[in-house]
Amino acid sequence: MHQSKQCVRFASTLITFAGALGAMASHAAEQQFDPIVVTATRQATRSNALTSDVSVITREEINEAGQSTVEQLLARQPGIQYTANGGPGTNSGVFIRGASSNQSIVLIDGQRIGSATTGSAALARIPLDQIDRIEILRGPASSLYGADAIGGVIQIFTRQGAGPARFNASTGYGTYGTTDTTVGISGGTDLVSYSVQAGYLDTGGFSAVHNKTNSFYNPDNDGYRNSNVSANFSVRPATGQEIGVNLLASDGTNQYDSNDFSAVGAGKNYNSQQTIGSYSIYSRNRLNEVWTSTVRLGRSTDAAKDYAGSVRTATFRTDMDLASWQNDIVLPVGEALLAAEYAKQNVSGSTAYTASERTIRSLLAGWNANIDKHRLQFNVRRDDNSQFGDETTGSASYGYQFTPEWRAHVAYGTAFRAPTFNELYFPPSNFFSGGNPDLQPEQAKNTEVGANWERGDHRASVVLYNNDVTDLIEFRPPTYAPVNVSKALLRGATLTYDGRFSEWGAGVVVDFLDPRNEDGGANNGNRLARRSKQQMSSYVSRTLGNWDLRGEWQLVGDRYDDPANTKLLGGYGLVNLYADYRLQRDWTLFARANNIFDKYYETVDNYATAGANVFVGVRYAPK
């Protein structure tokens, strides 16, 4: 109750602040360009016409991220926290509105990626240099994208081509012996578009485990290297007709600290090689003035190999074959969405799962409309999973434009998470009784309300949400067999402001989160592990002639590392700096310093994070 009152007071303060900004923003243009996003509706929609909580990370912001990882960049966005078991390339995860990493999904160019054994996508293996922009949809999205979208959706778009053929390149060097180089070529005409990008990252890293008393501790540095490539090509033989291919492949190897207490593993250097890929072909056809059809066929892969020295100790591979047919139909009022999808997940490797394949057949429908000052969106989806049967989800949202500057929305939606192959079919061992093939999906019901203010280059928003998650899968002693027994309540508020004052820019995001265990057992009422109740991210930027300067300040509250709330991880504050200088029209010298005060902190108990580090480079990007 105290937190709810705190959220309301802070929301009131933000609204008052936004109103005060009106006078300061009077010099700005009355009309501000609003980005086109597709993740919130699966149809191209201006962000100011949405009835959902969405943000976009642009290529400019990605350039300014320097040596940061995808997870670290995401953690500076509204409603997102992250954890990592060490440096770049190690196991990591992001929590959207407190939902676990396997309760949110990741798409690359419209196609899902991830492991069917763990249920998570390997964000740590996706290089920032290959990304053009990222769209983040917060809130339940199973009615649009199916299983696992309880917390939200992260959609990554790789670089596209347009205009005259142009070459781009960047390279840099930094702390921990980090080198990062990317080269590419892109372009396009009315007939064709193309982009090919290739990159290589190598870092010496630091010791993943910090605690010298931990049995996994090894003082050596745990490095990471990654080779990656993306390619996009499309042909438009006639107006409204397009055929294209999308490709992203990333192969990385990271070292890590471990001790498997076996003759094979004793005293060895451990490393994990993981390859992720997303490959698809599509045909987008405007069949008539009101009907556009998009057919997509593709495959995504997630393949990992673990080694102790030169001896392979384990392999895990997920292949997902995907097919979809989406129809966008313009109606006399609004626009309809009708789609069918098919997915086949196959797992293989060194683990003898009692089942290794499942299929999902899906039908979905939606409708969204802007009627005068009213905004409406409705979606319903039915997924037929060969493991547990049918699951139907839905969502409804309504928005109202009170004035040209103020709008608000209210939304309700349901979502679910499908059990992973590890939870369902993992073979028994001396410490584990094995998977449970009778598991049912986790369920979620979310309600939210939000308000947005925009004037010229200034924007502010507040969103309050309440997500009730039931049938959570838990590994309970003494057998540690997974069962559907737990409940959790994820409720909170997110407040944002972003604006420009002539050559100055400033922004702030404040998150309040109450991630509570409500299973009725020993941990009832405890905070969910590794979630902070408060988080703040802010920046100030300035343009001075050929210089662009930026400073960032991030505050994260304390967290517990365990469900029993006995291992407290302290909160932390980080200050980062970025600067670039335009040497010529297309050449830029840049530098980024992260954690400049060398703050030591942990996002996972015993696992280290990067200290003060600097990265300097040069970028060639024709305008």
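The values are calculated or read from the model by the stated rules, or taken from the named source; none is laboratory data. What you see is a predicted model, and the numbers here were worked out from it, not measured in a lab. Neighbour counts run over all protein chains shown; Cβ positions are idealised from the backbone, glycine included. Ligands, DNA and RNA are stripped out before the accessible areas are found, and what is left, the full protein with its side chains, is counted by its heavy atoms. Shrake-Rupley method; radii C 1.70, N 1.55, O 1.52, S 1.80 Å.
By per-residue mean of other Cβ atoms within 10 Å, what is the highest-first order of 572-579, 446-453?
446-453, 572-579
Considering only the other residues whose Cβ falls under 15 Å of the Cβ of T470, what net charge follows from Lys and Arg at +1 and Asp and Glu at -1?
On the way: positive: R417, K445, K487, R491, R516; negative: E391, E442, D468, D471, E474, E518, D519.
Taking every other residue near T470 into account, the sum is -2.
Hey, how many Å between the Cα centroid of segment 378-408 and the Cα centroid of segment 222-239?
Segment 378-408 and segment 222-239 have Cα centres separated by 31 Å.
Given q = 0.19 Å⁻¹, what are the Debye log10 I(q)/I(0) values for segment 517-623, with equal point scatterers placed on the Cα positions and solvent ignored?
One equal scatterer on each Cα of segment 517-623 leads to -0.96.
Ignoring ligands, DNA and RNA, what percent of the accessible area of segment 317-396 is carbon or sulfur (1.4 Å)? Numbers along the way, then the final one.
On the way: 2150 of 3810 Å².
Carbon-and-sulfur percentage of accessible area, whole number: 56.
Evaluate the charge dipole of the chain about its Cα centre and quote only its size in Debye, nearest 20, assuming +1 on the Cβ of each Lys and Arg and -1 on the Cβ of each Asp and Glu.
Numbers: 55 positive and 61 negative charges, 101 e Å.
For the chain, the charge dipole is close to 480 debye.
Any chance you could count the Lys pairs in the chain whose alpha carbons are under 21 Å apart, treating pairs 8 or more apart or on different chains as valid?
Counting lysine pairs in the chain gives 11.
Please list, in order along segment 377-390, the HN-Hα scalar couplings obtained from phi with the Karplus expression 6.51 cos²θ - 1.76 cosθ + 1.60 (θ = phi - 60°), rounded to whole Hz, x for Gly and Pro.
Result, ordered by residue: 8, 9, 9, 9, 8, 10, 10, 10, 9, 5, 8, 10, x, 8 Hz.
Taking the Cα centre of segment 254-380 as origin, sum charge times position over the Cβ atoms of Lys and Arg (+1) and Asp and Glu (-1), and report the length of that vector in debye to the nearest 20.
Computed about the Cα centre, the dipole is about 140 debye.
Listed highest first by mean packing, meaning other Cβ atoms within 10 Å per residue, what order do 294-307, 553-566 come in?
Values: 294-307: 18.9, 553-566: 16.6.
Result, highest mean Cβ count within 10 Å first: 294-307, 553-566.
When the accessible area of segment 114-165 is split by element with a 1.4 Å probe, what percent falls to carbon and sulfur?
55
Along its three principal axes, how long is segment 474-526 when you only count alpha carbons? Whole Å, largest extent first please.
Here the spans come out as 63, 18, 14 Å, largest first.
Which percent of Cα-Cα pairs in segment 133-198 sits in each 10 Å bin, short to long?
Result returned by the calculation: 18, 26, 24, 29, 3.
Could you state the number of Å between the C-alpha centres of segment 573-623 and segment 523-550?
15
Farthest toward the dipole's positive end in the chain, which of S310, Q401, G456, given Cβ charges of +1 (Lys, Arg) and -1 (Asp, Glu) about the Cα centre?
G456
In terms of the Cα gyration tensor, with a ≥ b ≥ c the square roots of its eigenvalues, is segment 83-185 rounded because a/c is under 1.5, prolate because a/b exceeds b/c, or oblate?
oblate
Using a probe radius of 1.4 Å on heavy atoms only, what accessible surface per residue do you get for segment 272-390? Whole Å² is fine.
Accessible area per residue, segment 272-390: 49 Å².
Name the residues whose placed amide hydrogens come within less than 5 Å of the amide hydrogen of R312, ignoring near sequence neighbours (fewer than 5 apart) on the same chain.
Those qualifying (amide H under 5 Å, at least 5 residues apart or on another chain) number zero.
Work out the length of the dipole vector of segment 131-187 about its Cα centre, built from +1 on the beta-carbon of each Lys and Arg and -1 on the beta-carbon of each Asp and Glu, and round it to the nearest 20 debye. Before the final figure, lay out the partial values.
On the way: 4 positive and 4 negative charges, 31 e Å.
Here segment 131-187 has a charge dipole of around 160 debye.
Please list, in order along segment 579-585, the HN-Hα scalar couplings obtained from phi with the Karplus expression 6.51 cos²θ - 1.76 cosθ + 1.60 (θ = phi - 60°), rounded to whole Hz, x for Gly and Pro.
8, 9, 10, 7, 5, 9, 4
Among 437-444, 130-137, how do they line up from the highest to the lowest mean number of other beta-carbon atoms within 10 Å?
Packing order, densest peptide first, comes out as 130-137, 437-444.
Can you list the residues, at least 5 places off or on another chain, whose amide H is less than 5 Å from the amide H of H210, using H built in the peptide plane?
Y607, A608
State the Cα centre-to-centre distance between segment 62-121 and segment 432-498 in whole Å.
Answer, in whole Å: 16.
Does the chain come out rounded, prolate or oblate by the C-alpha gyration tensor, with a ≥ b ≥ c the root eigenvalues, rounded set by a/c under 1.5 and, if not, prolate when a/b is larger than b/c and oblate if not?
rounded
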